[in-house]
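Taking it in order: structure first as structure tokens, then the write-up.
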Amino acid sequence: MPFISVSEEVAKKSFTSVENKFITKYLPVLEPVAIKVYLYSLYLYQNGQTAFTLSDLAASLRLTEDEAKGYFEYLEELELVSIISEIPFEIKILDAENLSGTPKKFKAEKYGDFAKSVQNIIKGRMISPNEFREYFFLIEEYGFEQNALVMIINYCTNLKGDDIRLAYIKKVAKSFASEGVTTAKKVEEKLSAYTSSTPALIKLFSAAGIKKQPDIDDDKYYKKWTEEMGFEEEAIVAAAKLFKAKTVERIDCALDELYKNKKFDVKEIADYCNTKSSIYSLALEVAKNLGVYVQNPAPYVENYVSVWCNYGYSHDSLKNISVYCFMQGKNSFDGMNTLIQGLYNEGIVADISVDGYIKDRAAEDKLLKEILSACGLTRKIIDWDRQSLSRWREWKFDDAMLFEAAKLSSGKSNPLAYMNGILSAWKADNVYAPDKINRYGQARPADAFKPEKAEIERHYFDLRHAAEERAEKTLARAMSDEVYGRIHREINSLSIRLAFEEIKDKDKAAELAGRISELEIAADKRLKELKIDKEDFKPRYKCKICNDTGYDGNGNPCKCMEEFLKTLN
């Protein structure tokens, strides 16, 4: 008969799996409550209890949140779990490394004086053999001098009191070791340096309403804020008050946000906080103008609106641009961002220059509408019309000449293509004024233009339109995929941040560039799964010289036109 068996009813029920390595190595030496926390965590994960929080776990095990967190820190020290996020609190359960065996045994007599010193420091409780074993392990594995570790334990106890947990002492000790601080002299120097920032931390904690004593971890944050990020003491206090941050972690998040938005001065921080709500309102108004439904404006504020405001665009300008984008069919934040990037690169930022740009574009659309009407067309303006007008401007034709060409094109089967042919012929013959058209007409009437002109323009319009439509449809199909769409949006967001960091922080820029490369690989992989070629996002024009316009960069007929004319003849 086996030592242990189960009933048939038990065998049919669900179970939580535990690694044998945990039972053989850790179960005999772990603190009992830590075992409860570990096993309950396994149960929650394996039974799909994803909505559970640290608070829920603590309540179930009749612990406080701080106690539960402390046990997870203890389990992390033993490398059974990894704390991957403080806010919200998240852990990852790790693999136990060794198949069997107990922690390394140490000769107690070797550490007799050390053990007495530690017990004299922690007077409120008896130190267990397992706890002493952990201290001996730190000395031998991390190279601590015994007096150095005694100083660390004394510092931690003065900070936290006699109920100081082993996990906290180990965390501090390993932090010192990672910086090469393992001798008594170096520990003393580090603690002295920490003490120098303590008054500033006490002032900060008092202003923020944080009811605890500053410790080494807080000092690390403070050095990050002052030395790496460049915040002054007054700015840190102001940020803690204005963001109502009640923990060091929340102050860190607030300063990260301010750093990203380049707000360092007390006044800048106050102005940013005062206008933050208005930026959220602006994001919602922009979304409304674009015709986009936004449930949570936060990501739109972070990835778009805040960036645009940091470029220098006013709220009024952004509202005007959003209305203009909707009228132009660019009714998305990505579409508006593409336009703003173009404006910013051209130095169009101030209200007057933005208004001027929009008025110029509106005037062009009004002109195009009149030209289309003169041609006998009543359809909406399309991008091809705007490209045509831009080309005619490059050919040096004024409005009067455009209307003359439009009148001559009215009634043709493809008026705009015929008009393009007329203007091309006038350019070749250096005809740039209406009075020259009359003389030109006597020698070569407008009706004398060969029908091939309209046929040529129609041919190239069809080629170009087909290529561009294929590209747009391919991109739309890719963006409709949830996975690819999310990756594409994240790449766009990081690319905006990269533009800032390339100027300010080369290391951060390199990190972002690496992340973008990873995302691009993931995007390419997803496109492969969708059987989409990324090159199809760009129009595949039949002629690479003229991009299916029929004319090279100098306005001269392309070689492909000669070939097409042969087919017509």
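Of the residues making up region 188-216, those that are part of a helix (DSSP H, G or I), aliphatic (A, V, I, L, M), within 32 Å of the chain's Cα centre (by Cα) and at pLDDT 80 or above are 201, 204, 207, 208. The set of residues in region 354-364 that are surrounded by fewer than 16 Cβ atoms within 10 Å (Cβ to Cβ) and within 30 Å of residue 414 (Cα to Cα) comprises 359, 360, 361, 362, 363. For residue 319, the test of being basic (Lys, Arg), part of a helix (DSSP H, G or I) and outside the structural domain of residue 489 (by TED's automatic domain parsing) is passed. For beta carbons closer than 8 Å, sequence separation of 6+ or different chains, a first residue in region 465-481 that is within 14 Å of residue 528 (Cα to Cα) and a second that is assigned to a helix (DSSP H, G or I) and of a type in the set (A, V, I, L, M, F, W, C), the qualifying pairs are 474/537; 475/537; 478/527; 478/537. Selection of region 137-155 for residues being of a type in the set (A, V, I, L, M, F, W, C) and assigned to a loop (DSSP other than H, G, I, E, B) yields only 144. If you go through region 283-300 and keep only what is modelled with pLDDT under 85, in a helix (DSSP H, G or I) and either assigned by TED's automatic domain parsing to the domain that holds residue 492 or among the aliphatic types (A, V, I, L, M) (or both), you end up with just 298. Within region 402-425, no residue that is touching a residue at least 60 places away in the same chain (Cβ under 8 Å) sits with its Cβ atom under 6 Å from a residue that is of a type in the set (A, V, I, L, M) and not in a helix (DSSP H, G or I) at 6+ positions apart or across chains.
For region 133-149, the set of residues classified as of a type in the set (Ser, Thr, Tyr) and closer than 15 Å to residue 180 by Cβ consists of 142 only. One residue alone among 277, 322 is touching an Asp or Glu at 6+ places or on another chain (Cβ under 8 Å) and either without any contact (Cβ under 8 Å) to a residue 40 or more places away in the chain or of a type in the set (D, E, K, R) (or both), and that residue is 322. The lone criterion from (1) outside any helix (DSSP H, G or I); (2) hydrophobic (A, V, I, L, M, F, W, C); (3) over 26 Å from the mean Cα position of the chain (by Cα) left unmet by residue 177 is number (1). Scanning region 370-382 for residues that are without any contact (Cβ under 8 Å) to a residue 24 or more places away in the chain and surrounded by fewer than 16 Cβ atoms within 10 Å (Cβ to Cβ) returns 373, 378, 379, 380, 382.
Within region 240-274, restricting attention to residues that are under 24 Å from residue 311 (Cα atoms) and either polar (S, T, N, Q) or part of a loop (DSSP other than H, G, I, E, B) (or both), the residue that is nearest to the chain's Cα centre (by Cα) is 261.
Among the residues of region 391-414, those that are among the small types (Gly, Ala, Ser) and modelled with pLDDT under 85 comprise 409, 410, 411, 413. The listed residues are 408, 377, 402, 368, and the only one of them that is in contact with an Asp or Glu (Cβ under 8 Å, 6 or more places away or on another chain) and closer than 30 Å to residue 428 by Cα turns out to be 368.
Inspection of region 329-336 finds a residue satisfying the criterion of being in a loop (DSSP other than H, G, I, E, B), of a type outside the set (D, E, K, R), surrounded by 14 or more Cβ atoms within 10 Å (Cβ to Cβ) and in contact (Cβ under 8 Å) with a residue 12 or more places away in the chain. Residues that are of a type in the set (Ser, Thr, Tyr) and surrounded by fewer than 19 Cβ atoms within 10 Å (Cβ to Cβ) were ranked within region 302-323; the one that is nearest to the chain's Cα centre (by Cα) is 311.
Checking each residue in region 161-173 for being free of Cβ contacts under 8 Å to residues at least 60 places away in the same chain and either in contact with a Leu (Cβ under 7 Å, 6 or more places away or on another chain) or buried (at least 16 other Cβ atoms within 10 Å of the Cβ) (or both) picks out 164, 169, 172, 173. Taken over region 398-426, the criterion of being touching a Lys or Arg at 6+ places or on another chain (Cβ under 7 Å) and over 16 Å from residue 373 (Cα atoms) is satisfied by 421 alone.
The values are calculated or read from the model by the stated rules, or taken from the named source; none is laboratory data. No experiment lies behind these values; they were computed from the predicted model shown. Because the Cβ atoms are built from the backbone with ideal geometry, glycine has one as well, and the counts that use them run over all protein chains shown.
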